[in-house]
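Visitor: Quick one: this structure, given as structure tokens, is what I'll be asking you about.
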Amino acid sequence: MIANKNFTIVGAGLVGSLLSIYLAKRGYKVTVYERRPDLRKNRMSAGRSINLALSDRGWRGLEGVGIDDEVRKIGIPMKGRTIHNLNPPIPLLKGEKGGLTFQPYGKDHQANYSVSRGGLNCLLMDIAEKHDVKFLFNEKCTHVDLKTTTASFENFETKKISEIKSDRIFGTDGVFSAARMALQTSTDRFTYSQSYLDHGYKELTIAATKSGDFAMSADTLHIWPRGNFMLIALPNLDKTFTCTLFFPFEGEISFASLDTKEKMLKFFNEMFADAVALMPTLAEDYFANAASSLATIRCFPWSFEDKLLLLGDAAHGIVPFFGQGMNCGFEDCVVLDGLIGLTPSLSKGEGDWTRIFKEFETLRKPDGDAIAELAIENYIEMRDKVADPKFLLQKKIEACFSEKHPDKWTPLYAMVTYRTDMRYSEALSKGKRQEEIMKKIMAMKDIEKKWDSEEVEKEILKMI
């Protein structure tokens, strides 16, 4: 029976915590092992992390276990991007104010929510514990025996080794997954790759005003696009902004070259002057916070028989530039739960878990690969194209056509972010097709003057 089934989750991050709620609500006994301390007791243990943008795929995962309303209390809706241009004025969209441009994400009601990774993780663990999920911290997974479904853990404080046998093991332990390592070292024909960007990231802070308010508009994602690098800022509940500098590791302009306070401040005042004025701890933050790397992880298979399954970053680690890492991981939980629900015998604690795991990885692998590709492409767009007048014009044309023909055209960003009925792989395929059409449209003579004309509309309709 289900009550007698013991499931082990390796990793108490966002995906592991949400997965534990899904499994516990189905009646399974779930224990989650986490190598870090309990971040609810020591928030610093959460480590460095980019602020997260929670969008519709992520909300679907939260709605599936009825906790979306609780999460909304700790999120701030962002309706679009505010672009901080370096050399205004340039031809910009309606909504420009000085050197700022507002680019809506989609329809008026569509928004991404800025959430603190640590705050959301704490909330998910609290909710999971209400469903009798057990969390054990400071437990580093050192080995997984796939044949016996036994995971070994070493406690950082006591150095005690525990060998935990369970009915199923779920690996949600991130990019450097110990659960995945078991597949790499103990199975035949396991495919694995990791690739790093030559850019990394460093977190900085925009402070609240002296009156305790936001220093900038709080309903948007702020971007300072500068070609080969960029700065972004997302709002926090305490009226600060978490800023992230995405920057080359090496080169003439890089983390390596900005090695003194004087060089760093000179560079920031040249490139991000309006931000510097709002960052009283810039120098301290810049040199206190180390630059972190950005990797894409691809592997397959994600499972072993009916004993182990990888989800989230352990299966498909991606760079953060489409804001879909967490959302994709939460969607993993939705898909897996749906497959479990389609197997009636599992409700009795039995069933073909091998088939469930195989169906899951077969279904999700193309989507993991697709969002990884889209995330890298979106970095180029965010840092380089969002201030380009031709790019902005193309987006205007797409938005205008989509408004007239919503059944024929959905912009790529909306497909990825707001179409929970569309797989990432389908969005990638449709997005490439639409981009080919737009290349031809943008090459039309005098497109700047007739972009919203009937002629352009008919030309797009011919090519769809």
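Each row is one residue, and each column tells you yes or no for (1) outside any helix (DSSP H, G or I); (2) in the same structural domain as Glu454 (by TED's automatic domain parsing); (3) touching a residue at least 40 places away in the same chain (Cβ under 8 Å); (4) within 16 Å of Met463 (Cα to Cα).
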residue: Lys395; (1), (2), (3), (4): no, yes, yes, no
residue: Glu398; (1), (2), (3), (4): no, yes, yes, yes
residue: Tyr413; (1), (2), (3), (4): no, yes, yes, no
residue: Met422; (1), (2), (3), (4): yes, yes, no, no
residue: Leu428; (1), (2), (3), (4): no, yes, yes, no
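Visitor: Counting just the residues of the stretch 120-140 that are out of contact with any Lys or Arg (no Cβ under 7 Å at 6 or more places or on another chain) and surrounded by 19 or more Cβ atoms within 10 Å (Cβ to Cβ), which one comes out nearest to Val10 (Cα to Cα)?
Guide: That would be Phe135.
Visitor: Any residue at all in the stretch 125-137 that's assigned to a strand (DSSP E or B), of a type in the set (D, E, K, R), assigned by TED's automatic domain parsing to the domain that holds Ile67 and in contact (Cβ under 8 Å) with a residue 24 or more places away in the chain?
Guide: So far as the stretch 125-137 goes, yes, one or more of its residues are assigned to a strand (DSSP E or B), of a type in the set (D, E, K, R), assigned by TED's automatic domain parsing to the domain that holds Ile67 and in contact (Cβ under 8 Å) with a residue 24 or more places away in the chain.
Visitor: Moving to a separate point now. When you look at Phe304, is it at pLDDT 95 or above and not basic (Lys, Arg), yes or no?
Guide: Values: at pLDDT 95 or above: yes; not basic (Lys, Arg): yes.
So Phe304 passes the test.
Visitor: Then there is this: Has the stretch 430-440 got any residue that is among the hydrophobic types (A, V, I, L, M, F, W, C), modelled with pLDDT of 95 or more and either outside any helix (DSSP H, G or I) or farther than 22 Å from Thr101 by Cα (or both)?
Guide: yes
Visitor: Consider Ser425 against the criteria (1) at pLDDT below 95; (2) among the polar types (S, T, N, Q); (3) touching a Pro at 6+ places or on another chain (Cβ under 8 Å): it satisfies all of them except one. Which criterion is unmet?
Guide: Only one criterion in (1) at pLDDT below 95; (2) among the polar types (S, T, N, Q); (3) touching a Pro at 6+ places or on another chain (Cβ under 8 Å) is unmet by Ser425, namely (1).
Visitor: How many residues does the stretch 138-160 hold that are among the charged types (D, E, K, R), free of Cβ contacts under 8 Å to residues at least 60 places away in the same chain and assigned to a strand (DSSP E or B)?
Guide: 2
Visitor: Can you go through Thr149, Thr209, Thr187 and tell me which one is more than 20 Å from the chain's Cα centre (by Cα), outside the structural domain of Ala277 (by TED's automatic domain parsing) and surrounded by fewer than 17 Cβ atoms within 10 Å (Cβ to Cβ)? Before the answer, list the steps.
Guide: Numbers: Thr149 fails: surrounded by fewer than 17 Cβ atoms within 10 Å (Cβ to Cβ); Thr209 fails: outside the structural domain of Ala277 (by TED's automatic domain parsing).
Just one listed residue meets the conditions, Thr187.
Visitor: For the stretch 290-314, give me the residue count where each residue is among the small types (Gly, Ala, Ser) and not in a strand (DSSP E or B). Give the derivation first.
Guide: Quick first cut of the stretch 290-314, residues among the small types (Gly, Ala, Ser) only: 290-293, 295, 303, 312, 314.
Cutting the leftovers down to not in a strand (DSSP E or B) gives us 290-291, 293, 312, 314.
The number of residues fulfilling the criteria is 5.
Visitor: Right, something else. Give the residue, chosen from Phe322, Phe241, Phe300, that is among the hydrophobic types (A, V, I, L, M, F, W, C) and surrounded by fewer than 21 Cβ atoms within 10 Å (Cβ to Cβ).
Guide: Phe300
The values are calculated or read from the model by the stated rules, or taken from the named source; none is laboratory data. Remember, it's a predicted structure, so these values are computed and weren't measured experimentally. Cβ: placed from backbone, ideal geometry, glycine included. Neighbour counts: every protein chain shown.
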